[in-house]
1. Any idea which residue in segment 16-37 is farthest from GLU68 (Cα to Cα), counting only those that are without any contact (Cβ under 8 Å) to a residue 12 or more places away in the chain and open to solvent by less than 80 Å² (accessible area, probe 1.4 Å)?
2. Kindly provide the set of residues from segment 17-50 that are under 15 Å from ALA72 (Cα atoms) and under 17 Å from the mean Cα position of the chain (by Cα), ordered by number.
3. So which residues in segment 58-67 are over 28 Å from the mean Cα position of the chain (by Cα) and either part of a strand (DSSP E or B) or loosely packed, with under 13 Cβ neighbours inside 10 Å (or both), if there are any at all?
4. Which is touching a Gly at 6+ places or on another chain (Cβ under 8 Å) and modelled with pLDDT of 95 or more, of LYS41, LYS52?
Amino acid sequence: MMKGLGDMMKQAQEMQAKMAEMQEQLANKEVEGAAGAGLVKVIMTGRHDVKKVEIDASLMSEDKSMLEDLLAAAVNDAVRRVEEANKDSISELTGGFQMPPGFKMPF
């Protein structure tokens, strides 16, 4: 019985190490969110840090509130893409085992 417990502890440690490695990879991964048919783009890391914002020059003559709406939409798109990438990576790590509802990665 102790051998089984030891094996289980070893597997838990391996899973923890893989999880830490995956978290680091996800944190450094960059995704692109876009709005307005790609006229506004946001590059965001897995930590939800915005690294770059690109606004097509043709939008500079547009209404300020429209530009603000497009920027917000591009950021929201990037956030959704980060979350989807995180979910896909967790699914790969857990072999498709579903995490409990509300489970959040610690970053």
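1. Within segment 16-37, the match that is farthest from GLU68 (Cα to Cα) is ALA17.
2. Listed by number, the residues that qualify are GLU32, GLY33, ALA34, LYS41, VAL42, ILE43, MET44, HIS48, ASP49, VAL50.
3. Those that are over 28 Å from the mean Cα position of the chain (by Cα) and either part of a strand (DSSP E or B) or loosely packed, with under 13 Cβ neighbours inside 10 Å (or both): SER58, MET60, SER61, ASP63, LYS64.
4. Details: LYS52 fails: touching a Gly at 6+ places or on another chain (Cβ under 8 Å).
Criteria check complete, one pass: LYS41.
The values are calculated or read from the model by the stated rules, or taken from the named source; none is laboratory data. Quick caveat, the model's predicted, so the values are computed rather than measured. Note that we place each Cβ from the backbone using ideal geometry, even for glycine, and neighbour counts take in every protein chain shown. With ligands, DNA and RNA removed, areas are computed over all heavy atoms of the protein, side chains included. Shrake-Rupley method; radii C 1.70, N 1.55, O 1.52, S 1.80 Å.
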